[in-house]
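Following: one structure in structure tokens, then a few remarks.
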Amino acid sequence: MSHDTQWYATPGAQPRLLLVDDHQLNIRVMYEIFRHEFDVFIALNGEQALEKCAELHPDLILLDVVMPRLDGFEVCRRLKADPELAAIPVIFITSHFDEADEVRGFELGAVDFIHKPVNPIITKARVKTQLQLKQQADLLRAISQIDGLTGIANRRRFDQQLELEWRSCCRANEPLSLLMLDIDYFKQYNDEFGHLAGDECLRRVAMAMQQAIGRPYDLLARFGGEEFAVLLPRTNSHGAQFLAQNILLKIQHLALPHPYSPGGIVTLSAGLATVVPQEHTQARQLLQRADEMLYKAKQQGRNRLLVDESLI
Ligand SMILES: [Mg+2]
């Protein structure tokens, strides 16, 4: 499973609501309240609730406190301990007001309490308030991970993803490839055409690179300035080289005029490194190797890919 941004609300789609209660009647009442405005899912016990959360990534959970075996508090505790599910807001449903219970619920990370019998108007209003907050938080999180100029992932997102994929490939004993790319003679391009044209060049190169990358779990990021990085999990050096050559060709086919480049068009230099991550190694080493290869590609005349073989 990829560690992508799958807990974000899908823009334009109906919010997904998970109702958890061990009494069918309670479920039915709440289902009637929400069914017109939400995609409603149901769980009849704590175990089911956790399964549905992992599978559906709902936007909000209405969670009964008193259930046999796994009660609502325990379900909430487990959700908040899972980094992929922790952002889902939980509203507890209780049959009576108990201050100590509510304190405990809020300490576990719940956002609100609703008392049975549920009042449709109050319940709907509270759910909508929490969903609005979540959508704003999702948006902020998404914006903070996107490069404003090119629309691809930014350095912060790249760093997070590199750590995640490093651990994931380490557990699975699978190769992780990293491609670093840099636009050749970009300073001269800016000097010749101005910074607005330089920005447009970055955008077009980023767009073409994104098109060359087919798989949803490969991550293209702007690493900084005119430098880009492509993270390729579960990809060996051979597969990564194939993709890298495709990217270089794609940029050549754009044929963006560049008078100070030997071929007269914008080209890329690239460095590639691949490793099967181990417990005692660090993601930083992969980054250093790919960056060194990029540096050498520049030294050897640019417009080429250099591959590091030492880590394989
Ligand atoms: Mg109950």
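Just so you know, all these numbers are worked out from the coordinates, no wet-lab data involved. Nothing here was measured: the structure is a model prediction, and the numbers come from that model. Neighbour counts are summed over all protein chains in view; Cβ atoms, including those assigned to glycine, are modelled from backbone coordinates with ideal geometry.
Figures for the structure shown
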{"read-out": "Order of I33, I114 under a 10 Å beta carbon neighbour criterion, fewest first", "value": "I114, I33"}
{"read-out": "Ranked list, fewest to most other Cβ atoms within 10 Å of each Cβ, for T123, T235, T129", "value": "T129, T123, T235"}
{"read-out": "Extension gain from H195 to I146, taking 0.36 nm per residue of separation minus the Cα-Cα distance", "value": "15.6 nm"}
{"read-out": "Nonlocal amide H pairs with L256, under 5 Å, H built at 1.01 Å", "value": "V266"}
{"read-out": "C-alpha long axis of helix 283-299 to longest principal axis of the chain, angle in °", "value": "30 degrees"}
{"read-out": "Listed peptides 193-199, 85-91 by packing density, highest first (mean Cβ within 10 Å)", "value": "85-91, 193-199"}
{"read-out": "Local electrostatic count, H23, Cβ distance below 11 Å [Lys/Arg +1, Asp/Glu -1]", "value": "-1"}
{"read-out": "Volume per residue of the C-alpha convex hull in region 16-143, rounded to whole Å³", "value": "100 Å³"}
{"read-out": "Ranked D112, D184, D98, criterion: other C-beta atoms within 10 Å, fewest first", "value": "D98, D112, D184"}
{"read-out": "Average projected area [Cα convex hull, region 196-279], square nanometres", "value": "6.3 nm²"}
{"read-out": "In nm, spacing of pseudo-spin labels at L70 and H23 (7 Å Cα→C-beta vector)", "value": "2.2 nm"}
{"read-out": "The chain: most fluctuating residue of F34, F97, F158 per GNM, C-alpha cutoff 10 Å", "value": "F97"}
{"read-out": "Between region 168-220 and region 101-148, the alpha-carbon center distance in angstrom", "value": "37 Å"}
{"read-out": "Those GluC sites (Glu not before Pro) in region 189-285 that DSSP places in a loop and that have at most 14 other beta carbons within 10 Å", "value": "E279"}
{"read-out": "Where only C-alpha atoms are counted, convex hull volume of the chain per residue in Å³", "value": "149 Å³"}
{"read-out": "Acute angle (nearest 10 degrees) that the helix 46-56 long axis makes with the longest principal axis of the chain, alpha-carbon atoms", "value": "30 degrees"}
{"read-out": "Linear extension gain, R204 paired with E37, 0.36 nm per residue minus alpha-carbon span", "value": "56.1 nm"}
{"read-out": "Volume of the Cα convex hull of region 155-308, divided per residue and given in Å³", "value": "97 Å³"}
{"read-out": "DSSP-defined antiparallel bridges as percent of all bridges, the chain, nearest 5", "value": "50 percent"}
{"read-out": "Calculated FRET efficiency for the pair I121/R234, C-beta based, R₀ 35 Å, to 0.05", "value": "0.10"}
{"read-out": "Sum of -39500 (n - 2.57) over DSSP H runs of 4+, divided by residues of the chain (222 nm, nearest 500)", "value": "-15000 deg cm²/dmol"}
